[in-house]
Amino acid sequence: MQLPIPPILRPFADSVRDLLPIILVIGFFQLVVLQQPIPNMGKLLYGTVMVVLGLTLFVRGLEMGLFPIGESMAFDFARKGSVFWVLTFAFALGFGTTVAEPALIAVAAEAGKVAASGNMIENSEVARDSYATGLRYTVALSVGFAIVLGVLRILKGWPIQYFIIGGYIGVVGMTAIAPEEIIGIAYDSGGVTTSTITVPLVTALGVGLASSIKGRNPMIDGFGLIAFASLTPMIFVMGYGMVI
């Protein structure tokens with residue numbers, strides 16, 4: 001018989017359930033395969049509790065704040081009927097969320113260090129920061145452009161597959177001519193942009209916009225913006241590498 005979980009504790013129980021496979025995998029390989037005791041058990045347990053707490057609060061915050069505000073603003077812009085302001089908001093949203101993306105900040109800083117150690121740029125703090133900042137803003141511009149393109153696709157009802165196929169053809173073409181040192185960074189940039197801050201707001205924008213436009217299906221037209229946001233940074237960053 002399953003014990004009922006109080007509503008206030010259900011989000012924490014859901015987070016524990018989601019993290020349980022990771023805990024079991026780590027425990028199995030550490031104790032059974034490596035046959036080594038788990039180091040720093042106290043710190044590990046403390047960190048696990050913090051992860052559960054952080055994940056619970058983060059998901060709850062998405063449900064209470066980011067998703068509703070994204071959808072409501074999409075509805076308001078659609079009701080306003082101004083394509084210019086919808087596209088302007090889409091670009092600003094994509095640019096702003098990407099600049100603030102923690103994963104991108106970390107990758108850009110690491111790329112600056114590696115570029116300096118590989119003599120691609122001057123090995124100084126100013127040069128490393130400049131390289132990392134240029135990389136972040138290049139990715140942010142590409143995501144802003146991607147969200148504009150995705151919103152325009154929703155407004156016009158264009159099929160998504162042609163954009164995705166064309167985009168990856170562009171990625172392959174750029175890979176052939178871009179410097180080898182930037183290709184890996186470019187590919188990783190496409191992944192780190194779609195993380196904790198960007199995904200909720202962009203998804204809410206797409207679904208809300210598709211739901212508010214007559215003749216659009218949220219399941220068909222509302223999704224796909226994240227795919228654009230993952231694709232365009234690869235092209236833009238390889239172009240950035242060719243320029244610098």
> Excluding same-chain residues fewer than 8 positions from LYS113, which lysines have a Cα within less than 21 Å of its Cα?
Replying inline: none
>> Between LEU45 and ILE105, how high is the FRET efficiency from 1/(1 + (r/R0)^6) when r is the Cβ-Cβ distance and R₀ = 25 Å? Nearest 0.05.
In response: 0.30
> Label points 7 Å out from Cα along the Cβ direction at ILE220 and LEU152: separation in nm?
Replying inline: 2.2
>> Give me the one-decimal nm value for the distance between modelled label points at GLN161 and LEU57, 7 Å along each residue's Cα-to-Cβ direction.
In response: 4.5
>> Give me the one-decimal nm value for the distance between modelled label points at VAL32 and SER130, 7 Å along each residue's Cα-to-Cβ direction.
In response: 5.4
> For the charge dipole of the chain, defined by +1 on Lys and Arg C-beta atoms and -1 on Asp and Glu C-beta atoms about the Cα centroid, which residue among ILE23, ILE235, GLY144 has the Cα displaced farthest towards the positive pole?
Replying inline: GLY144
>> Run the helix sum for the chain: -39,500 (n - 2.57) per DSSP H stretch of 4+ residues, divided by residue count, reported at 222 nm to the nearest 500 deg cm²/dmol.
In response: -26000 deg cm²/dmol
> Accessible area per residue of the chain at 1.4 Å probe, in Å²?
Replying inline: 57
> Classify the chain: rounded, prolate or oblate, from the alpha-carbon gyration tensor (a ≥ b ≥ c, eigenvalue square roots; a/c under 1.5 rounded; otherwise prolate if a/b is larger than b/c)?
Replying inline: oblate
> lysines near LYS80 by alpha-carbon distance under 23 Å, same-chain residues fewer than 8 away left out - which ones?
Replying inline: LYS156, LYS214
> When the distances between all Cα atoms of region 151-244 are binned every 5 Å from zero, what whole-number percent does each bin get?
Replying inline: 2, 14, 22, 18, 17, 13, 8, 4, 1, 0
>> If I compute solvent accessible area with a 1.4 Å probe over the protein chains, what percent of it on region 92-195 is carbon and sulfur?
In response: 63
> Is the shape of region 20-93 best called rounded, prolate or oblate, per the rule: a/c under 1.5 gives rounded, else a/b larger than b/c gives prolate, else oblate, with a ≥ b ≥ c the square roots of the Cα gyration tensor eigenvalues?
Replying inline: prolate
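The values are calculated or read from the model by the stated rules, or taken from the named source; none is laboratory data. Being a predicted model, the structure only gives us computed values, none of them experimental. Neighbour counts run over all protein chains shown; Cβ positions are idealised from the backbone, glycine included. What goes into the accessible areas is simple: the full protein's heavy atoms, side chains included, and nothing from ligands, DNA or RNA. Shrake-Rupley method; radii C 1.70, N 1.55, O 1.52, S 1.80 Å.
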